[in-house]
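To keep things clear, I will list the structure first and then write my remarks on it.
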Amino acid sequence: MDYVDGFVAAVPTANKEAFIEHASRAAALFKEQGATRVVECWGDDVPPGKLTSFPLAVQCREDETVVFSWIVWPSRAVRDAGMARVMADPRMTSEANPMPFDGARLIFGGFQMVVHA
């Protein structure tokens, strides 16, 4: 069964085009290293919560938008090897492909897919 990396971040709304460019470059690298699908979603209806929410989780500010993303891999082994190669790739350095958001507030994790309908 597939393996999924999930991400949530707060991106300055003014950096939308820079984010799309950054994400497009990264997506090509992930696909090159074995990912079968890369999805980047710009928040459109992401309400703030009182106890929990996407905006609270990433400490989203008034001038930022929540981004929700995922990468699908054929397996955890393919993901582990592919992610290591992507992170070591010179095309992913902060100079070559700078993150247009605060990476310290990025939430990420790996997930075993248990239902796929």
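The values are calculated or read from the model by the stated rules, or taken from the named source; none is laboratory data. Remember, predicted model here, so these are calculated numbers, not experimental data. Glycine gets a Cβ as well: all are built from the backbone with ideal geometry, and neighbour counts include every protein chain shown. SASA here: full protein model, heavy atoms, side chains in, ligands and nucleic acids out. Shrake-Rupley method; radii C 1.70, N 1.55, O 1.52, S 1.80 Å.
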Quiz item: If you check N97 against the conditions, is it more than 23 Å from Q112 (Cβ to Cβ), modelled with pLDDT under 95 and among the polar types (S, T, N, Q)?
Solution: yes
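I need a count of the residues in the stretch 32-72 that are of a type outside the set (G, A, S) and in a loop (DSSP other than H, G, I, E, B).
Residues flagged as of a type outside the set (G, A, S) and in a loop (DSSP other than H, G, I, E, B) within the stretch 32-72 amount to 16.
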Quiz item: If you check every pair at least six apart or on different chains, which have Cβ atoms under 7 Å apart with a residue in the stretch 90-104 that is part of a helix (DSSP H, G or I) first and a residue that is open to solvent by less than 90 Å² (accessible area, probe 1.4 Å) and among the β-branched types (V, I, T) second?
Solution: M92/V86
Quiz item: Just for the stretch 80-89: of the residues that are free of Cβ contacts under 8 Å to residues at least 24 places away in the same chain and not charged (D, E, K, R), which one is nearest to P12 (Cα to Cα)?
Solution: M87
Practice problem: Go through the residues of the stretch 10-31 one by one and say whether even a single one is of a type outside the set (A, V, I, L, M), buried (at least 18 other Cβ atoms within 10 Å of the Cβ) and either on the phi > 0 side of the Ramachandran plot or without any contact (Cβ under 8 Å) to a residue 60 or more places away in the chain (or both). | Solution: yes
Quiz item: For the stretch 7-23, what are the residues that are touching a strand residue (DSSP E or B) at 6+ places or on another chain (Cβ under 7 Å) and of a type in the set (S, T, N, Q)?
Solution: T13
Exercise. Please specify each residue of the stretch 46-83 satisfying the condition of being surrounded by 15 or more Cβ atoms within 10 Å (Cβ to Cβ) and either β-branched (V, I, T) or modelled with pLDDT under 95 (or both).
Key: V46, V58, T65, V66, V67, I71, V72, V78
